[in-house]
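J.: Before I ask anything, here is the structure I am working with.
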Amino acid sequence: MDYNALFRNELDKLRDDGSYRVFAELERHKGGFPRATRYRDGGTHEVTVWCSNDYLGMGQNQSVIDAMTDVIASCGAGAGGTRNISGTNHHHVLLEKELADLHQKESALIFTSGYVSNWAAISTLASKLSGCIIYSDALNHASMIEGVRHSRAEKRIFKHNSPEDLARKLAADDPSVPKLVAFESVYSMDGDIAPIKELCDVADQYNAMTYLDEVHAVGIYGPRGGGIAEREGLMDRLTVIEGTLGKAYGVMGGYITGSHELCDFVRSFASGFIFTTAIPPALAAGAVASIKHLKNSQIERTQHQERVASLRAKLDAKGIPHLPNPSHIVPVIVGDAAKCKWISDLLLDNYGIYVQPINYPTVPRGTERLRFTPTPYHTDDDIDHLVGALTDLWSQCALSRAVA
């Protein structure tokens, strides 16, 4: 059997329907964000990045860089082992204390990524609590879905952002079994925000634990960057608040926060925590510096929201259709996979604008989009250049425009 031929056949299917992913080879420059150098065909050119998850540019923040370089100089490069076997560095402990304080929880536990923290925590909680049923929002991230699958627990999928459907499903099950309701605050593809209070009200009524993924909200929302739950005064209502260090905080890693007992339970049973090397101490130190900065500084959040509003207003003025939502994520709808990829390629090659096309299976067919994430460091000229380029390409593709 020719296995490579089988691989090629499946890859050709992706190419034919326009969903084959091509990575842009970029080099970010300290102090130059959101500019980057693109490497292609032996040459380079400068681009402006419009799809970074470094939402506030904290990967360029001098206090974060200084903290990381200082700890590399004092501790070396790596952690040297798993957390259980020689890999728990003092900076890991400091980071977990900082995260617990951020979300006003008793304890925190850090992982190598937000994907791993979701997969490990959800699967461990549900698999180790006998008879546990998971109630998962229909649009939850792949990492949460993987955690549900890996747990092998019974699951119920409730309609997206629907406390009413959640209540119906909870009411139909045995009131005596453990229950876990899992949902996100900001959903990354549409940019909509969950009705956290109402979902917590339903969960409390049926004695269910609540698990909130705040990865696209931490750092950006709330008076100290604690996310949507902090902004709405709801952190105490959540059993688990999960987040990432790789988006608004500008470094890398994931985490959960909760009670001492819950975090110790996950620490003691989660294979995704036990059997993997700890993040480098320098990353932990950089995360602490970033969290502390954003607990006290409103400048980045204020500028960020202003840039988002400016981009939306200028897209509206040109009739470029984008999903209205209350978050910082600006999805521009193309509605065709091939055209979405083509526009993305032309923006990169002809205009020096990098935005990744979002196609099926990440989003449903017919809703293919360009997902823009403005930062505090995109200038008025950057926004004008982007909107002008989209206006040109919208005409070339004969795509429909939004009606004011």
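The values are calculated or read from the model by the stated rules, or taken from the named source; none is laboratory data. Owing to the predicted nature of the structure, the values given are computational and were not obtained by experimental measurement. Glycine gets a Cβ as well: all are built from the backbone with ideal geometry, and neighbour counts include every protein chain shown. We work out accessible area using only protein heavy atoms, side chains counted, and drop any ligands, DNA or RNA first. Shrake-Rupley method; radii C 1.70, N 1.55, O 1.52, S 1.80 Å.
J.: Kindly identify the stretch 1-151 as rounded, prolate or oblate by the Cα gyration tensor criterion: order the square roots of the eigenvalues as a ≥ b ≥ c, call it rounded if a/c is under 1.5, otherwise compare a/b with b/c, prolate if a/b is larger, else oblate.
T.: oblate
J.: Okay, moving on. Under a 10 Å cutoff between Cα atoms, tell me which one of Asp316, Asp41, Asp190 has the largest fluctuation in the Gaussian network model of the chain.
T.: Checking each option, the largest mean-square fluctuation is seen for Asp41.
J.: Quick one: what are the phi-derived ³J(HN,Hα) couplings along the stretch 367-384, Karplus 6.51/-1.76/1.60 with θ = phi - 60°, whole Hz, x for glycine and proline?
T.: 10, 3, 8, 10, 9, 9, 10, x, 10, x, 9, 7, 8, 4, 5, 4, 5, 4
J.: Follow-up. Label the stretch 335-404 by shape, choosing from rounded, prolate and oblate, from the square roots a ≥ b ≥ c of the eigenvalues of the Cα gyration tensor; if a/c is under 1.5 it is rounded, and otherwise prolate applies when a/b is larger than b/c, oblate when it is not. Working shown, then result.
T.: Values: a/c = 1.61, a/b = 1.37, b/c = 1.17.
Since a/c reaches 1.5 and a/b is larger than b/c, the shape of the stretch 335-404 is classed as prolate.
J.: May I pose another question? Just to be sure I follow: if Rg is taken over the C-alpha atoms of the stretch 295-357 and Rh is the Kirkwood radius over the same atoms, what is Rg/Rh? Walk me through the numbers on the way to the answer.
T.: Numbers: Rg = 14.2 Å, Rh = 13.5 Å.
Using Cα coordinates only, the ratio equals 1.05.
J.: Another question about this same structure. Going down the list Lys155/Lys341; Lys197/Lys341; Lys318/Lys341; Lys13/Lys179; Lys247/Lys314, which pairs span over 30 Å between their C-alpha atoms? Spell out each step's value before the answer.
T.: Numbers: Lys155/Lys341 35 Å; Lys197/Lys341 38 Å; Lys318/Lys341 21 Å; Lys13/Lys179 40 Å; Lys247/Lys314 25 Å.
Pairs exceeding 30 Å: Lys155/Lys341; Lys197/Lys341; Lys13/Lys179.
J.: Hey, another quick one. What's the FRET efficiency of Leu346 with Asp381 using the Cβ-Cβ distance as r and R₀ = 22 Å, to the nearest 0.05? Don't skip to the answer; put the middle values down first.
T.: Values: r = 20 Å, r/R0 = 0.90.
Efficiency at R0 = 22 Å is approximately 0.65.
J.: Taking square-rooted eigenvalues a ≥ b ≥ c of the alpha carbon gyration tensor, is the stretch 349-388 rounded, prolate or oblate, where a/c under 1.5 means rounded and, failing that, a/b exceeding b/c means prolate? Let's see the in-between values first.
T.: Values: a/c = 2.90, a/b = 2.06, b/c = 1.41.
Since a/c reaches 1.5 and a/b is larger than b/c, the shape of the stretch 349-388 is classed as prolate.
J.: Continuing with this model, one more query. Which residue fluctuates most in the GNM of the chain (Cα springs below 10 Å): Gln205, Gln305, Gln104?
T.: Judging by the Gaussian network model, the answer is Gln205.
J.: Moving on to the next point. Can you run phi through the Karplus equation (6.51, -1.76, 1.60; θ = phi - 60°) for the stretch 294-300 and list ³J(HN,Hα) in whole Hz, with x for Gly and Pro?
T.: Whole-Hz 3J(HN,Hα) from phi for the stretch 294-300: 6, 5, 10, 10, 9, 4, 4.
J.: Under 16 Å Cα-Cα from Lys97, which aspartates and glutamates qualify once same-chain neighbours fewer than 8 residues away are excluded?
T.: Within the straight-line cut-off, Lys97 pairs with Glu106, Glu242, Glu261, Asp264.
J.: Which value in Å is the Kirkwood Rh of the stretch 1-56 over different Cα pairs? Working shown, then result.
T.: Values: mean 1/r = 0.0713 Å⁻¹.
Result for the stretch 1-56 stands at 14.0 Å.
J.: How many angstrom lie between the Cα centre of the stretch 221-294 and the Cα centre of the stretch 110-144?
T.: So the two Cα centres are separated by 15 Å.
J.: Rounded to two decimals, what ratio of Rg to Rh does the chain give with C-alpha atoms and a Kirkwood Rh?
T.: On the way: Rg = 21.8 Å, Rh = 22.4 Å.
A ratio of 0.97.
J.: Let me ask you something else. Find the percent of Cα-Cα distances in the stretch 117-206 that exceed 20 Å, and round it to a whole number.
T.: Values: 1241 of 4005 pairs.
I get 31 percent for the Cα pairs in the stretch 117-206 exceeding 20 Å.
J.: Here is a follow-up. Enumerate the calculated ³J(HN,Hα) couplings along the stretch 229-246 in order (Karplus 6.51 cos²θ - 1.76 cosθ + 1.60, θ = phi - 60°), each rounded to whole Hz, writing x wherever the residue is Gly or Pro.
T.: For the stretch 229-246, the Karplus curve yields 4, 5, 4, 9, x, 10, 4, 5, 7, 9, 5, 10, 10, 10, x, 10, 9, x Hz.
J.: Please calculate how many Å² of accessible area the stretch 139-224 carries per residue, with a 1.4 Å probe and no DNA, RNA or ligand atoms counted. It would help to have the intermediate numbers written out before the result.
T.: Numbers: 3530 Å² over 86 residues.
Per residue, the stretch 139-224 has an accessible area of 41 Å².
J.: Could you list which residues have their amide H under 5 Å from that of Gly254, counting only those 5 or more apart in sequence or on another chain, with H placed in the peptide plane?
T.: Phe111, Thr112, Ser113, Gly114, Leu245
J.: Please give the Cα centre distance for the stretch 300-327 versus the stretch 20-91, rounded to the nearest Å.
T.: The stretch 300-327 and the stretch 20-91 have Cα centres spaced 27 Å from each other.
J.: Would you calculate, for the chain, the mean residue ellipticity at 222 nm contributed by helices, counting each DSSP H stretch of 4 or more residues as -39,500 (n - 2.57) and dividing by all residues, to the nearest 500? Let's see the in-between values first.
T.: On the way: 14 runs with 171 residues, N = 404.
Computed mean residue ellipticity for the chain: -13000 deg cm²/dmol.
J.: Separate question: Given a 10 angstrom Cα cut-off, can you work out which residue in Ile133, Ile122, Ile299 is the most mobile in a GNM of the chain?
T.: Ile299
J.: Rg(Cα) of the stretch 142-300 divided by 2.2 N^0.38 Å?
T.: Values: Rg = 16.4 Å, N = 159, 2.2 N^0.38 = 15.1 Å.
Relative to the rule-of-thumb radius for its length, the stretch 142-300 sits at 1.08.
J.: What FRET efficiency comes out for Glu261 versus Arg15 if R0 is 51 angstrom and r is the Cβ-Cβ distance? Round to the nearest 0.05.
T.: Numbers: r = 50 Å, r/R0 = 0.98.
Approximately 0.50, to the nearest 0.05.
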